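Heads up, the thing below is written out as structure tokens.
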Amino acid sequence: MDGLTWFGLFAVSAMLLAYALEDRSHWFVLCFAVACALGSIYGFLQGAWPFGLVEAVWSVVVLKRWRQRVSQDCGEALK
């Protein structure tokens, strides 16, 4: 396997792991967003721009979810 394939394997594996652990902490939600961004970079580098585009959009969606989760966690800590 070449370097690009290893990078893609890492990005997708990180997405899977972070998604599975999302309920444990808002930090895993952030890790999921970063992993989606890495998946997007991989898609564009590989030449699969639809995959890269979808992963970029998904990364933005997850970042918004992370911000909501941080606000929620901070609100609960103040109670």
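A short reminder: the numbers here are calculations on the coordinates, not readings from a lab. Keep in mind that what you see is a predicted model, and the values were worked out from it rather than measured. Here the Cβ is made from the backbone with ideal geometry for all residues, glycine too, and neighbour counts use every protein chain on show.
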Exercise for the section: Tell me, please, whether a residue that is without any contact (Cβ under 8 Å) to a residue 60 or more places away in the chain, in contact with a Cys (Cβ under 6 Å, 6 or more places away or on another chain) and of a type in the set (Asp, Glu) can be found in the stretch 43-61. Expected result: yes
Problem - Residue that is nearest to residue 61 (Cα to Cα) [pool: residues in the stretch 3-42 that are in contact (Cβ under 8 Å) with a residue 40 or more places away in the chain and buried (at least 17 other Cβ atoms within 10 Å of the Cβ)] - result: 29
Exercise for the section: For residues that are in contact with a Gly (Cβ under 6 Å, 6 or more places away or on another chain) and either within 16 Å of residue 6 (Cα to Cα) or among the hydroxyl-bearing types (Ser, Thr, Tyr) (or both), tally how many sit in the stretch 21-59. Expected result: 4
